[in-house]
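Novice: Following this message is one structure expressed as structure tokens.
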2 protein chains.
Amino acid sequence: MIELPLEEVYKLIEPGPVVLVTTENNGVNNVMTMSWHMAVEFVPPLIACIIVPGDYSFNALTKNGECVIAVPTVELAEKTVDIGNCSGEDTDKFKKFGLTPVAAEKVKAPLISECFANFECRVEDTTLVEKFGLFILEVVKAWTDPDHTEKRTFHARGDGTFEVDGKILNLKERMVKWPECM
Amino acid sequence: MIELPLEEVYKLIEPGPVVLVTTENNGVNNVMTMSWHMAVEFVPPLIACIIVPGDYSFNALTKNGECVIAVPTVELAEKTVDIGNCSGEDTDKFKKFGLTPVAAEKVKAPLISECFANFECRVEDTTLVEKFGLFILEVVKAWTDPDHTEKRTFHARGDGTFEVDGKILNLKERMVKWPECM
């Protein structure tokens with residue numbers, strides 16, 4: 001994996017793909033599946049997400065204030081769904097699903113080698129955690145795999161079906177107000 | 001348009017499509033384009049979004065605490081991008097882009113007739129508006145157009161290109177932990 005400039009991070013979150021979230025707690029890695037997230041700021045990149053006490057990852061995230069957001073592409077869709085349908089409470093998901101943890105640089109939670117991109121995150125704001133499970137994360141280091149040729153992500157439709165990225169529309173010439181986003 | 005049950009709303013937000021947001025201020029309608037949003041709760045449906053003071057809609061939203069989130073499908077992609085590249089400060093966007101405002105039931109902001117789905121929203125929480133421009137909206141009434149045959153939404157990639165929904169993966173049988181989401 002090579003470093004991804006921090007100003008590129010929002011471009012992978014804004015489309016709204018299903019992502020994986022890794023945490024580390026007392027030397028044990030865990031991973032969950034997440035679709036409720038959004039970009040909050042360009043640089044430093046901030047990401048909001050919903051992780052509630054019913055999620056086994058909640059304790060590790062609140063205790064350590066760190067996680068990794070990993071972006072899977074479509075070849076990992078079935079595995080990603082299965083990861084979201086069991087719990088770290090009784091399952092070593094890295095082992096069960098054959099994921100390869102890679103040491104991150106700035107957080108203890110692991111990167112996932114099989115994912116196209118990985119974002120090391122620290123919790124930046126917990127004001128709305130108690131009310132909504134809403135965390136604000138700051139991405140402190142980002143990585144991408146230049147050899148990962150599959151670029152298509154997938155999006156949860158909330159009913160067990162998922163949209164795979166299809167045709168790309170190039171409307172760059174219409175972005176007259178936002179030249180910095182091109 | 002017919003009523004969409006509130007428990008169906010998150011299924012249209014969770015995939016992360018580009019949406020339109022309408023507001024009303026002193027009898028004047030406005031509309032903006034938005035990609036930074038996420039589902040926060042199933043029922044009542046809560047949606048978080050980022051709208052900052054630099055957005056002309058910010059004042060109407062903070063003043064009236066109401067808006068409509070409208071979900072465009074792919075035939076509206078170019079128009080949606082153009083809406084995001086001019087300002088209600090000097091443009092009547094409903095007129096300029098040929099959008100048809102329809103009276104909502106519970107808020108003053110208008111529905112958009114050309115959109116597949118419309119969600120009437122009230123601001124539920126403003127705790128993080130000053131720090132991040134983060135609003136929590138509650139959807140109080142939802143609508144869908146049963147005659148709208150195009151169902152494909154599109155997703156912003158943050159660089160003037162957009163992903164159109166492609167292939168649908170049906171992984172319902174793997175959702176063993178979330179039977180209520182099927």
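The values are calculated or read from the model by the stated rules, or taken from the named source; none is laboratory data. Please read these numbers as outputs of a predicted model, since none were measured by experiment. For neighbour counting, all protein chains shown are included, and Cβ atoms are generated from backbone atoms with ideal geometry for every residue, glycine included. These area figures cover heavy atoms from the full protein model, side chains too; ligands, DNA and RNA do not enter into them. Shrake-Rupley method; radii C 1.70, N 1.55, O 1.52, S 1.80 Å.
Novice: Looking at the stretch B:43-63, which of its residues are small (Gly, Ala, Ser) and closer than 19 Å to B:Asn26 by Cβ? Break it down stepwise before answering.
Specialist: Looking only at the stretch B:43-63, we keep the residues that are small (Gly, Ala, Ser), and these are B:48, B:54, B:57, B:60.
Across the stretch B:43-63, the qualifying residues are B:Ser57, B:Ala60.
Novice: Yes or no: A:Pro179 open to solvent by 50 Å² or more (accessible area, probe 1.4 Å) and touching a strand residue (DSSP E or B) at 6+ places or on another chain (Cβ under 9 Å)? Reasoning before the result, please.
Specialist: Details: open to solvent by 50 Å² or more (accessible area, probe 1.4 Å): yes; touching a strand residue (DSSP E or B) at 6+ places or on another chain (Cβ under 9 Å): no.
No; evaluated as a whole, the condition is false for this residue.
Novice: Is there a residue being under 12 Å from the mean Cα position of the chain (by Cα), facing another protein chain (nearest Cβ under 9 Å) and crowded, with 19+ Cβ neighbours inside 10 Å anywhere in the stretch B:2-10?
Specialist: Within the stretch B:2-10, the subset under 12 Å from the mean Cα position of the chain (by Cα) is B:9-10.
This time we only want the ones that are facing another protein chain (nearest Cβ under 9 Å), so: B:10.
Applying the additional criterion that residues be crowded, with 19+ Cβ neighbours inside 10 Å yields B:10.
Within the stretch B:2-10, one or more residues are under 12 Å from the mean Cα position of the chain (by Cα), facing another protein chain (nearest Cβ under 9 Å) and crowded, with 19+ Cβ neighbours inside 10 Å.
Novice: Identify all residues within the stretch B:90-135 that are open to solvent by less than 20 Å² (accessible area, probe 1.4 Å), in a strand (DSSP E or B) and more than 20 Å from B:Leu6 (Cβ to Cβ); write none if there are none.
Specialist: B:Leu134, the sole residue that qualifies.
Novice: Please give the number of the condition A:Ile13 fails out of (1) closer than 20 Å to A:Thr153 by Cα; (2) open to solvent by 10 Å² or more (accessible area, probe 1.4 Å).
Specialist: That leaves (2) as the condition not met.
Novice: Still on this structure: Can you name the condition, by its number, that B:Ile112 falls short on among (1) within 30 Å of A:Trp178 (Cα to Cα); (2) within 14 Å of chain A (Cβ to nearest Cβ); (3) not aromatic (Phe, Trp, Tyr)?
Specialist: Result: B:Ile112 passes all but (2).
Novice: Can you run down the residue pairs with Cβ atoms below 7 Å, 6 or more apart or on separate chains, where the first is in the stretch A:163-182 and touching a residue at least 12 places away in the same chain (Cβ under 8 Å) and the partner is assigned to a loop (DSSP other than H, G, I, E, B)?
Specialist: That search, which allows pairs on different chains as well, returns A:Val164/A:Arg152; A:Asp165/A:Arg152; A:Asp165/A:Thr153.
Novice: Please indicate, with yes or no, whether at least one residue in the stretch B:13-32 is more than 24 Å from A:Met175 (Cα to Cα), touching a residue at least 12 places away in the same chain (Cβ under 8 Å) and in contact with a Lys or Arg (Cβ under 6 Å, 6 or more places away or on another chain).
Specialist: yes
Novice: Determine whether the stretch A:148-170 contains at least one residue that is of a type in the set (Phe, Trp, Tyr) and more than 10 Å from chain B (Cβ to nearest Cβ). Working first, answer last.
Specialist: Initially, the stretch A:148-170 is screened for residues of a type in the set (Phe, Trp, Tyr), giving A:154, A:162.
Still in the list and also more than 10 Å from chain B (Cβ to nearest Cβ): none.
No, because not a single residue in the stretch A:148-170 is of a type in the set (Phe, Trp, Tyr) and more than 10 Å from chain B (Cβ to nearest Cβ).
Novice: Suppose we filter the stretch A:47-75 for residues that are of a type outside the set (Gly, Ala, Ser), under 19 Å from A:Leu12 (Cα atoms) and open to solvent by less than 20 Å² (accessible area, probe 1.4 Å); how many remain? Steps first, answer last, please.
Specialist: Of the stretch A:47-75, the ones of a type outside the set (Gly, Ala, Ser) are A:47, A:49-53, A:55-56, A:58-59, A:61-64, A:66-69, A:71-75.
Applying the additional criterion that residues be under 19 Å from A:Leu12 (Cα atoms) yields A:47, A:49-50, A:67-69, A:71-75.
If we keep only those that are open to solvent by less than 20 Å² (accessible area, probe 1.4 Å) too, we end up with A:47, A:49-50, A:67-69, A:71-73.
Within the stretch A:47-75, residues that are of a type outside the set (Gly, Ala, Ser), under 19 Å from A:Leu12 (Cα atoms) and open to solvent by less than 20 Å² (accessible area, probe 1.4 Å) number 9.
Novice: Of everything in the stretch A:66-88, what is more than 18 Å from A:Asn118 (Cβ to Cβ) and away from chain B (no Cβ under 12 Å)? Give them in sequence order.
Specialist: Residue satisfying the conditions is A:Gly88 alone.
Novice: Here is a follow-up. Only residues that are part of a loop (DSSP other than H, G, I, E, B) and of a type in the set (A, V, I, L, M, F, W, C): list them for the stretch B:38-55, please.
Specialist: Answer for the stretch B:38-55, where residues must be part of a loop (DSSP other than H, G, I, E, B) and of a type in the set (A, V, I, L, M, F, W, C): B:Phe42, B:Val43, B:Ile51, B:Val52.
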